[in-house]
């Protein structure tokens, strides 16, 4: 769907900042989230989880639990089938362990009872005999040939010899002659990096309410980023037809990628089937940390060569990501994103995905990209320091632009990197003075952005209002953006449009809300659905006027004769056409279905100022500015919101957030007290600068904006801290003991 | 689980003494409810002490203040007299948890929870605070310093409860301060902490001092050598350096998810030095 | 476990309910009184999503027993608006885009109101520290702080 080139368009409502349609519901406490729904006769479900990192399940005795008064169903893997499809089998095995428990917190049984208290009591009565196995949680340790094997037979052929079977897959990207490139360099720096696993940290724990009656018809209410994908997974696991399972997405209390798969939903449905009653499961915060999908942790080697003037001559990255106990493909994203910001003659990235005894990773905002780009941007910064070059000027000198052959294959179309860097360079933040113990860091960020399967219905109501039915849960204000685009295209006020998120029985398939795809893809489909409704409305006006359909145009929310030759008729508004639709052919609607491409990549640049306490290693963020290309900011408040929220998640990742495992393989910080997400008093204001370089693949030029902002903070802060203390840190998080240790070693 | 809400401390002590199962005292509840949620404790009896007369009050006594066991951090912070006399104790109590937790959490609960990282305990020990205890056999007073027995344990015997802590009167030129280190600015547990209470004579020389460290040993540590390093000085750099060295020598911390031995030891000294300077400044302003 | 009858006043309404002695006020509000605007994010006092006022004092309802509410006055997000007339904080949160997913919003509104009731003109730093117990993962707090400031300004000039 091409950018409307003819439209040196003056937008009327797109780009304005109206109140979000779900605002009042959310500020009054009326909005219904995953845990807020109840059903008559509902039971409470609870899940038994492994206390061990790795163990064979010798036996499970559920008889005492079943005998407890109030218990209506107990399930284990024996109550599930074994799906033929490997992916589905992995999803199921992650929800309910079969044969082995693969990580601390892995589910292996569940009960449904008349109250939460009884369910909890019943869990304590399930007797499990475990044979404890050796475990591994570190990525480098898991790759060694003698490492404990998490799952046998999961390694693909392209993994080279000499590695543990925990290494499931390998990938490689790049172009050019590396040796020749490094030969041209005046300075080559090679460094190794590690980053800890982090969690999305959404405030709403996973929750669902499932019913499945004897005739195989089911209903599932859950907090998810993709009700259609939940249906696919649950119908596959339960062995029921998609049409028989209606999945409704609740309001969602944060996801950031972590609610793109299922953890409790198939369990609740299985309990509902076995008990014949609706079953609700709500995860505790501890369960969320132990048994949902944090990010990968990584170990990386980066080598970059640069000339004295700052031109990068060659670049190489080796990325090793552990994604928990089941195979994943996250390193491919990192390997493709690592050098995306640079126009390079010689570049190579290699990636290895690795199994460990940790929960299976799930997407987290630009999955795979932040750690790789952190490592690359750290080395680029160190090169600039050693060559005494301005880090922004160096990035501008090497910046990818339209026509650049990207490091991962495609040739870039219009992109906003250069404009974003120039905006940062011109901003007062970049030249503001710094005091002792303070440092300024910068980093570029990148995300591909997704399109994908999308389906929108747009109904013209007879009173002149418009209803839009779309299929993607609203995680960042998308209902407002979609309504704005419909209002823009139809030429009516924003408040005449209401957008709702449909259940799986009310609309065709929509991909998950992920990869920053919704404002782009659903927006595009909404614009096209509006255009198809406009065509119908023009036809109705033509009919009323008795002229040819192609002699009618749509302008300012009205059908008008195309010119003087078409006849002299006063314009008919949308409301006027809608009011008489029953007499002119019936209801008016537009719809559009597409597997959208052309999402248009996204670049951002962040500037961070920090002050480090030289006696304690504590880092305070003093000032922070985000520069990002949004293509077209449909609702600028929520574009800024994405930029600010992503930046703060990245700040947490850089400074304090991490999964901490003990020598016993158990997670030690499964709670918000010791998993330290930033609190309000940790932060300054997050300033934002939106650039608008239209995406050629969208009628209004829209690009996704949600992922990119989590990418730059890691290196921006690492570069700032390193400059503040005069010594480089190559590991995240930069928790105070590490920073103080570096300061004391420096002397 | 039974829930009881006695009207007197004696009744509370009897309930606690007579319970054959596990009994827990409920004041602010900010520790016990977390432990119940985590399944760490499953009490058979919870004794809510908030209906006991005076237990929620702050009273003047002999020039000092008696702080009821159910007085929350927020209440303490609103009391101008205590804030003026014991600013270090108040700032320590006010570091326990969020605004929400401050609405409930009490210093006595913080003390009885037995955490080596409890914020208010170093400040109370530095203040020479005395706990008043009611038990099945009557009432006794005990220095706060003698209450902690180790992580999660106290020296209180079955049936005993602390009903108040007493903060003594202050001479001219006396002040205290408390600092802790946490990775975040709020919502965190002390990785190391230090409380300093000192008195300056008319010449501004330190004539009395107590230096106490938290989170660097199984119990709160009163470092006499650190105090000795300050007494008789104006807290000049050599005196502070000696105090820091004494503090670090007194540390016997552990490595855990919140910090390392080396970090805790290093930072405890830094905090003690900074707290001493703050206390000195406060004392100077008062003298 | 034998349930106990409690009488409490929630958002000005006198209510009676039964609750188990170990049930939290959060569970009583959500499961027995239907006030699902009070959210559970952690159950351990670390996120603030369940913030309510208890006799005027801001607390985490997950750290209060339901039985402690007997005879007490509770304020929740459901009591902020006067019928269909939103509280200035609620309006400024919408107008200032201070919410995204909205799960933390009820707790933050209750906490912010408790702040402005005590201090009508808080500094940015005072707001940030007061709200440090309310985690938000969507907004980075920036627009929340600004919405509290703008609501406070409006309330001062009213």
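Where a number appears in this text, it was derived from the coordinates with a stated rule and is not lab data. This is a predicted model, so every value here is computed, not measured. Every residue, glycine among them, receives a Cβ derived from its backbone with ideal geometry; neighbour counts consider all protein chains shown.
Evaluate peptide A:653-663: per residue, the Cβ atoms of other protein chains within 10 Å of its Cβ; return the mean as an integer.
Mean partner-chain Cβ count within 10 Å for A:653-663: 1.
Treating only the Cα positions of the range B:55-167 as identical point scatterers, give the base-10 log of I(q)/I(0) from the Debye formula at each q in 0.22, 0.24 Å⁻¹.
One equal scatterer on each Cα of the range B:55-167 leads to -1.26, -1.49.
Percent relative contact order of the range C:4-79, based on C-alpha pairs within less than 8 angstrom and at least six residues apart?
Answer for the range C:4-79 is 40 percent.
Hey, got the average number of other protein chain Cβ atoms within 10 angstrom for residues in A:284-291?
3
R0 = 22 Å: FRET efficiency of residue B:281 with residue B:202, Cβ-based, nearest 0.05?
Once the sixth-power term is evaluated, E becomes 0.85.
Please arrange C:130, A:554 by how many other C-beta atoms lie within 10 Å of their C-beta, fewest to most.
Fewest to most other Cβ atoms nearby, the residues stand as A:554, C:130.
Mind running the shape call on the range B:121-254? Use the C-alpha gyration tensor, a ≥ b ≥ c as the square roots of the eigenvalues: rounded below 1.5 for a/c, prolate if a/b tops b/c, oblate otherwise.
Taking the square roots of the gyration eigenvalues as a ≥ b ≥ c, the range B:121-254 is oblate.
Label-point separation (nm) for residue A:307 and residue B:40, each offset 7 Å from Cα along Cα-to-Cβ?
Taking the simple label geometry, residue A:307 and residue B:40 are separated by 6.2 nm.
Determine the shape class of the range B:153-196: with a ≥ b ≥ c the square roots of the Cα gyration tensor eigenvalues, call it rounded for a/c under 1.5, and otherwise prolate if a/b is greater than b/c, oblate otherwise. Intermediate values should be presented prior to the final figure.
Details: a/c = 2.99, a/b = 1.13, b/c = 2.65.
Because a/c hits 1.5 or more and a/b fails to exceed b/c, the range B:153-196 counts as oblate.
Quick one: if you stick a label point 7 Å off each Cα along the C-beta vector at residue A:579 and residue A:180, how many nm between them?
7.3 nm
Any chance you could run the full-extension gain for residue A:506 through residue A:385? It's 0.36 nm times the residue separation minus the Cα-Cα distance, nm to one decimal.
Values: separation 121, 0.36 × 121 = 43.56 nm, distance 5.74 nm.
Contour length minus Cα-Cα distance gives 37.8 nm.
Compute a Gaussian network model of chain B, connecting alpha carbons closer than 10 Å, and tell me which residue from B:62, B:160, B:225 fluctuates the most.
Highest fluctuation among the options: B:62.
Considering just Cα atoms, how many Å³ per residue does the convex hull of chain C enclose?
Value for chain C: 103 Å³ per residue.
I need to check one value: relative contact order of chain B, counting alpha carbon pairs closer than 8 Å and at least 6 residues apart, in percent.
16 percent
Report the extension gain between residue B:261 and residue B:231 in nm, rounded to one decimal, defined as 0.36 nm multiplied by the number of residues separating them, less their alpha carbon distance.
Here the segment from residue B:261 to residue B:231 would lengthen by 8.0 nm.
Taking the DSSP beta bridges in the range A:256-361 as the whole, what percent of them are antiparallel, to the nearest 5?
Percent antiparallel among DSSP bridges in the range A:256-361 is about 55.
Give the Cα extents of the range A:644-747 along the principal axes, in whole Å, largest first.
Projected onto its principal axes, the Cα set of the range A:644-747 covers 53, 35, 26 Å.
On the first, second and third principal axes, largest extent first, how far apart are the outermost C-alpha atoms of the range B:115-196 in Å?
The Cα atoms of the range B:115-196 stretch 44, 36, 17 Å along their principal axes.
So, R0 is 51 Å and r is the distance between the beta-carbons of residue A:745 and residue A:241; what FRET efficiency does that work out to, to 0.05? Working shown, then result.
Working: r = 63 Å, r/R0 = 1.23.
Rounded to the nearest 0.05, the efficiency is 0.20.
Can you tell me the orientation of helix B:9-18 relative to chain B, as the angle in degrees between its alpha-carbon axis and the longest Cα principal axis, to the nearest 10?
That helix lies at roughly 70 degrees to the long axis.
In Å and whole numbers, how far do the C-alpha atoms of the range C:4-79 stretch along each principal axis, longest first?
Principal-axis extents of the Cα atoms in the range C:4-79, largest first: 28, 25, 20 Å.
At a 10 Å Cβ-Cβ cut-off, how would you order A:154, A:320, fewest neighbours first?
The most exposed by this proxy come first: A:154, A:320.
When every alpha-carbon pair in the range C:88-157 is counted, what percent end up more than 17 Å apart?
29 percent
Take the alpha-carbon centre of the range C:32-94, take the same for the range B:68-129, and report the distance between them in whole Å.
Their Cα centres are 25 Å away from one another.
Please build a GNM for chain C, connecting alpha carbons under 10 Å apart, and tell me which residue among C:123, C:61, C:51 fluctuates the most.
C:123
Calculate for the protein assembly as shown the 222 nm mean residue ellipticity that helices alone would give, adding -39,500 (n - 2.57) per DSSP H run of length 4 or more and normalising by residue count, nearest 500 deg cm²/dmol.
It comes out at -9000 deg cm²/dmol, rounded to the nearest 500.
Using alpha carbon centroids, what distance separates the range A:257-294 and the range A:707-747, in Å?
Their Cα centres are 37 Å away from one another.
I need the peptides A:648-655, A:242-249 ranked by packing, meaning the mean over residues of other C-beta atoms within 10 angstrom, with the highest value on top.
Top of the packing list down: A:648-655, A:242-249.
Among DSSP beta bridges lying fully in the protein assembly as shown, give the percent that are antiparallel, nearest 5.
80 percent
Using only alpha carbon pairs under 8 Å that are at least six residues apart, calculate the relative contact order of the range A:39-159 and give it in whole percent. List each step's numbers first, then the result.
Numbers: 197 pairs, mean separation 47.8, N = 121.
Relative contact order, the range A:39-159: 40 percent.
Mind giving me the nanometre distance, one decimal, between the label points for residue B:224 and residue C:85, set 7 Å out from Cα along Cα→Cβ?
My value for the distance between the label points is 6.8 nm.
Can you give me the Kirkwood hydrodynamic radius for the range A:556-601, using every pair of distinct Cα atoms, in Å to one decimal? Please report the intermediate quantities before stating the final value.
Details: mean 1/r = 0.0728 Å⁻¹.
The answer is 13.7 Å.
Compute the Rg/Rh shape ratio of the protein assembly as shown: radius of gyration over Kirkwood radius, all on alpha-carbon atoms. Mind dumping the intermediate values first?
Values: Rg = 31.2 Å, Rh = 31.8 Å.
On the Cα set of the protein assembly as shown, Rg over Rh gives 0.98.
Take the Cα atoms of the range B:208-261, build their convex hull, and give its volume per residue in Å³.
Cα-based convex hull of the range B:208-261, divided per residue, equals 73 Å³.
Take the alpha-carbon centre of the range A:148-197, take the same for the range B:186-257, and report the distance between them in whole Å.
50 Å
Once R0 is set to 60 Å, what does the formula 1/(1 + (r/R0)^6) return for the Cβ-Cβ distance between residue C:73 and residue A:432, expressed as a FRET efficiency to the nearest 0.05?
0.75
Give me A:234, C:60, C:47, B:83 sorted ascending by neighbouring Cβ count inside 10 Å, so fewest comes first. Can you show the working numbers first?
Details: A:234 29, C:60 37, C:47 33, B:83 15.
In order of increasing Cβ crowding within 10 Å: B:83, A:234, C:47, C:60.
Can you give the mean number of other chain Cβ atoms that lie within 10 Å of the Cβ atoms in peptide A:642-652?
4
Mean 1/r over all different Cα pairs, inverted: what Kirkwood radius does chain B give, in Å?
For chain B, inverting the mean 1/r across all distinct Cα pairs yields 19.1 Å.
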